[in-house]
Structure formats: structure tokens, C-alpha cells
């Protein structure tokens, strides 16, 4: 199963910051069990939204690396995201030689509902690792 949690990137300064959007419909599979009668977006998926957008921002500036999530430095959940909500995801990234960091927040209706700071290991992407540049592009586009 693929978890693509950013519908659209609306603004980006590659390698520095990005803003994305995710709209949640009632038909999302996770709403069936999380929680019956009171559907909310799981916190782990909110962290993943920030991580995915941060990864895209890093790749946009550094095509030779694949940022792989290594740790969640912090995460805070202030309010719920429910079916019908339009979430704005904001990230700021810092790229170093062997790792990158992303600090992000998610807003719904102008109110911050969650924040997280995540860390990535920067995995070099080259022909030896992937077999071809087409395979590398496919791997990166799948994020």
C-alpha cells in the first residue's frame, strides 16, 4: 500500500522550505478504525505528512541524495484532523553532508494542529545503487 500524504506542493524554495496541501475525505481507509464513531487522522500519519514534504523539498535541491527518515526528534498534537479538513503542511529544512532535518507544522483553518521535527539520513543515489538513473528517478519520484 502506498501512503501518499501530500496532495499538492503549493510553494517551494528548494532545500529551504515548502508548503503542501492534503485534503481528507471520509473515504480514507484509516478513518474506519481510528476511531469508530470519532474519526481522526492518526498522529503517525501527520508526522509522515511533514516527513514526505520535507523529503521532496530536500530532493528538489539535492537530486543526488535520497533522504531516508531516521528519527522523529519531537512531535506535538494540539487538535484533531477530521474528515473534510484541508490541511496545510509547512516545512523548513536544513541539509548537511550526511543528514538533513525538517521542522514542520500542520494547520487546519488557520490553526496549528500539530508540529514535528524529523531527521533523515542522506543516502547517495547513484547508478551502482539503483542499476540505472531511470531506477533512481523512479525511486525518488515515489516519495
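With R₀ set to 25 Å, the beta-carbon distance separating residue 29 from residue 79 gives a calculated FRET efficiency near 0.65.
Among 110, 121, 15, the residue with the largest mean-square fluctuation in a Gaussian network model of the chain, with springs joining Cα atoms closer than 10 Å, is 110.
Packing here is the average count of other Cβ atoms within 10 Å per residue, and on that basis the peptides 39-46, 75-82, highest first, run 39-46, 75-82. Sorted fewest first by neighbouring Cβ atoms within 10 angstrom, 115, 70 come out as 70, 115.
Top mean-square fluctuation among 62, 38, 90, Gaussian network model of the chain, C-alpha springs under 10 Å? Comparing 62, 38, 90 in a Gaussian network model of the chain, the most mobile one is 38. Contact order for the chain, expressed relative to its length and based on alpha carbon pairs under 8 Å spaced 6+ residues apart, stands at 26 percent. Each label was represented as a point 7 Å from its Cα along the Cα-to-Cβ direction; for residue 112 and residue 61 these points are 2.1 nm apart.
I want to verify a result. In a Gaussian network model of the chain, Cα cutoff 10 Å, which of these has the top mean-square fluctuation: 20, 64, 37? In the Gaussian network model the winner is 37.
Computed from the coordinates by the stated procedures, all read-outs in this text should not be read as laboratory data. As the structure is a computational prediction, the values presented were derived from the model and not from experiment. Ideal geometry is used to build each Cβ from the backbone, glycine not excepted, and the neighbour counts take in all protein chains shown.
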